[in-house]
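One structure below.
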Amino acid sequence: MSVTEKKSYCRICGSGCGIVVTVDDEQVIKVRADEDHPVSKGYTCPKGRALGFDHHRAERLEVPMIRENGMLRVSSWDHVLDDLAAKLTGIIAESGPRGVGTFIGGGGYLDASGFSSLLAFLRTIGTPSAYSDMTIDSVAKALAAELVTGITGLEPRADLRNTKMVIFVGTNPMISHTRTINMHAPSAAMRDMRAHGAELWTLDPRQSETAVRSDGHIQARPGMDYAVMGHAIRELLIEGADRDYIARHTQDVEKLSEAVERFTLEYTSAIAGVEPELLKQFVAAIRKAGRLSVEAGTGVTMQRAGNVTQWLCLALMAVTGSLDREGGSWINPGRMNRKDRQDFPAAPPEGWNRPGPESRPELRGTAGEYPCAAIPDEIAAKNLRALVVWGGNLEVCLPETGKMYAALQGLEVMAVFDIRHNRTTEIATHVLPCKDQLERADMTYVTDTSFPLLVSQYTPAVLEPIGQRKAFWWIVGQLGRRMGLDFFPGFDLDQGTDDRFLEYLLTSSETDFAELKQKRLMTDPPVFGWVQKFVDEKVGGWRLAPAPLAGQLRDLVARESAEEPGSLILIPRRQKYHENSRLTDLRDPPQVFMNAQDAAAAGLAEGAMVRVSSASGELRRPLKFDQTLRPGCINVPHGWSDGMNVNRLTSTTRDVDALTGMLLYSGLEVEVEAA
Ligand SMILES: Nc1nc2c(c(=O)[nH]1)N[C@H]1C(S)=C(S)[C@@H](COP(=O)(O)OP(=O)(O)OC[C@H]3O[C@@H](n4cnc5c(=O)[nH]c(N)nc54)[C@H](O)[C@@H]3O)O[C@H]1N2
Ligand SMILES: Nc1nc2c(c(=O)[nH]1)N[C@H]1C(S)=C(S)[C@@H](COP(=O)(O)OP(=O)(O)OC[C@H]3O[C@@H](n4cnc5c(=O)[nH]c(N)nc54)[C@H](O)[C@@H]3O)O[C@H]1N2
Ligand code: SF4
Ligand SMILES: [Mo]
């Protein structure tokens, strides 16, 4: 027995909570919170504590695999990489770089060598066929920021220490911890904010765990947040906005005023389904706070009005003088690649012109990516012949499972980097087993921008890799060598180690790798004003009424109605014990959540097996009553595979957003009946 305790940080989500891993040789006995961690201060959620279970699970990938004669079989790294390199090279020669596409999901994004090796691969190959979680999760944020601030994907986050008000819109940090701000120990964070006088409000059709800890909860109809925000802006422009700030730092306030003019108290109350008195209290709270932060999550970005709502969230912060200012919100420039010290151009008022993929001319690209909605059409058109997947579970996360899963099987090459078998690796042509997070040295290379302060964090590996698992840098580097391409110029692949690769990534960073390695965690206080300066100098002030978004608002207005919709509305929700499709065998079983009143109307009993159907498909799960849901809304949490997969209900063509190609994952009309 050689039981030891080793410190690391969790990379299941971007919060990076400090953990202590108790190991007996290579067996994980326990994972607990690190009391001494300066940022997470002794907090983890149950997913972090399940890392040992995840590491030892039976479906883990240990050896490379290749599909030959229709069968996936175990092979050697040399054979798998030789074959993959030859096929990718052949496809590029025949179809050009676009024939080879990439997808990056949570498993690649949260690994410094995963994310950086993807960037190197894309840069070197020069393919436009780049896909990621962004266009199934939050692309509205990237677009709205581009149009309002000139910087794509900029995400303001609450100045937690000084804020007077935070409005959570379609986000439940009590469970999710991160999408908007990283809230470590979220209940303590909310308590602290209230203790220093901040008022917290939540807009959510569900009485979420965050809503019950807030001072105010607006349980509007799903998808109607834009009207509530529009109403608040309208009232503030009448009284309470920071007029001096607006004059000095913004443009188009008249156009904004015109756009929100229709959202009077009576009208907003009727179309959003909210009591007028509550809307009055909301506006009064904003006036009293003066400065505030709006934290919008996937409940916003997955809905039809996602872009418009994101815009109005930014506009509310702008007219209260809260953007990039103390007491309002700040924008983390990253600690390793300080964006505030770089020079880059501002996007033009109509946004960057990024054409979408050829098979879907109606769609646009955003932030250098094509929308996931286009994947099946791109495969059918033979524009996309190979897809290399950096830690994503495509079967579960992508829309319209039936059509998507069949399309993926039509690829000539689907190479998947992962740590476990699932229905995605099952249809892969090349399976590339990666080191999991306990087996690799790592650092917060891109994930540092979601921290509530400037943070760089490093961890050594805790365990030896199981089987033949390898680091991303090694696999991608070896692949490049076989393709005659150098993905990491100046890096000695033969002498490479995880640490040397991390050091290589920091070559031109202000963060010194040796110092980071020794200290493990380095922090600096938030910086304010750098985006304001950029916007003042390069944009001419925050753009309060971007024309493409004002156009989308007009389209939404044409659909407005005070009538309740005839069918049930599916809205998303994260569950406590699993992260997307990871750890799904723990304590949250796959169920359909429905208000008892709706269930009674449909003649359904709790526990009954129900069929949920949409225009795209159907699934079956047991029914669970949930009185936190606004009547008329149901939850079918995502992350579950096969017959339980909620993406059997979503669509790659219906209600796809014209500006971003985002799918409708919230606000889908569904029917529920006994199965
Ligand atoms: N209908 C509907 N669909 C949704 C959503 C929804 O709310 N509703 N949510 C969407 C959102 S927000 C997102 S972000 C996507 C998430 O979709 P994914 O990014 O696919 O998310 P995960 O399930 O976390 O899967 C990541 C994959 O990475 C693997 N992995 C884990 N750790 C590692 C590692 O260290 N290395 C490697 N190489 N692989 C690893 C896991 O085994 C898993 O197969 O799904 C989207 N899909
Ligand atoms: N435990 C756990 N944590 C996770 C994940 C996980 O799967 N499990 N996934 C991670 C990922 S990939 C992401 S992107 C983040 C997401 O983090 P969040 O965006 O915070 O996601 P949710 O916790 O689902 O909260 C979304 C909320 O939006 C509400 N909502 C739905 N539709 C609407 C609407 O039309 N209007 C409004 N106002 N609200 C609406 C839902 O009721 C729900 O409470 O979480 C991350 N953290
Ligand atoms: S909140 Fe949970 S999943 Fe996220 S880093 Fe912390 S322990 Fe890991
Ligand atoms: Mo996500």
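The values are calculated or read from the model by the stated rules, or taken from the named source; none is laboratory data. Because the structure is predicted, anything quoted here is derived from the model rather than measured. We place every Cβ from the backbone using ideal geometry, glycine too, and count neighbours over all the protein chains shown. SASA here: full protein model, heavy atoms, side chains in, ligands and nucleic acids out. Shrake-Rupley method; radii C 1.70, N 1.55, O 1.52, S 1.80 Å.
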Separation between Cα centres of the stretch 351-387 and the stretch 324-347, rounded to whole Å = 29 Å
Toy charge model, Lys and Arg Cβ at +1, Asp and Glu Cβ at -1: the chain dipole around Cα centroid in debye, rounded to 20, equals 440 debye
One would report the antiparallel percent of DSSP beta bridges in the stretch 139-332, rounded to the nearest 5, as 15 percent
If R0 is 22 Å, what FRET efficiency do you get for A674 and R587 from their C-beta distance, rounded to 0.05?
-> 0.25
Isotropic mean projected area of the C-alpha convex hull, the stretch 124-248 (nm²) = 10.6 nm²
Stokes-Einstein D for the stretch 271-405 (20 °C, 1.002 mPa s, Kirkwood Rh from Cα pairs), in µm²/s, comes to 112 µm²/s
Computed Rg/Rh for the stretch 564-674 (Cα atoms; Rh = Kirkwood radius) stands at 0.95
Net charge (Lys, Arg +1; Asp, Glu -1) of residues whose beta-carbon lies under 15 Å from that of E510, E510 excluded, is -1
Degrees between helix 306-319 axis and first principal axis of the chain (Cα, 0 to 90, nearest 10) | 60 degrees
Compute the long axis of helix 77-95 from its Cα atoms, compare it with the longest principal axis of the Cα atoms of the chain, and write down the angle in degrees, 0 to 90, nearest 10.
-> 60 degrees
What FRET efficiency do you get for I175 and R262 if R0 is 45 Å and r is their Cβ-Cβ distance, rounded to the nearest 0.05?
-> 0.85
On a C-alpha basis, how far is the centre of the stretch 427-467 from the centre of the stretch 204-271 in Å? Whole number, if you could?
-> 40 Å
Give a residue-ordered list of calculated ³J(HN,Hα) values for the stretch 421-430 (Karplus: 6.51 cos²θ - 1.76 cosθ + 1.60, θ = phi - 60°; whole Hz; x for Gly, Pro).
-> 6, 7, 6, 7, 5, 4, 9, 6, 9, 9
Quick one: plug the Kirkwood hydrodynamic radius of the stretch 139-332 (C-alpha pairs) into Stokes-Einstein at 10 °C, 1.306 mPa s, and report D in µm²/s.
-> 98 µm²/s
With every protein chain present, what is the per residue accessible area of the stretch 3-56 (1.4 Å probe, Å²)?
-> 40 Å²
Cα-based convex hull, the stretch 229-313, per residue volume (Å³, whole number) | 107 Å³
Which FRET efficiency value, to the nearest 0.05, is calculated for E618 and S508 with the Förster distance at 41 angstrom and r the Cβ-Cβ distance?
-> 0.20
All Cα pairs of the chain, percent lying beyond 40 Å | 27 percent
The stretch 659-665 - phi-based ³J(HN,Hα) in whole Hz, Karplus 6.51/-1.76/1.60, Gly and Pro as x | 8, 10, x, 5, 7, 8, 9
So what's the angle, to the nearest 10 degrees on a 0 to 90 scale, between helix 547-559 and the longest Cα principal axis of the chain?
-> 70 degrees
Counting Lys and Arg as +1 and Asp and Glu as -1, what is the net charge of the other residues whose Cβ lies under 12 Å from the Cβ of K435?
-> -3
Qualifying GluC sites (Glu not before Pro) for the stretch 478-538 [loop in DSSP, other Cβ within 10 Å: at most 14] | E510
Could you list which residues have their amide H under 5 Å from that of G101, counting only those 5 or more apart in sequence or on another chain, with H placed in the peptide plane?
-> R385, A386, L387, V388
So in the chain, what percent of DSSP beta bridges are antiparallel if you round to the nearest 5?
-> 55 percent
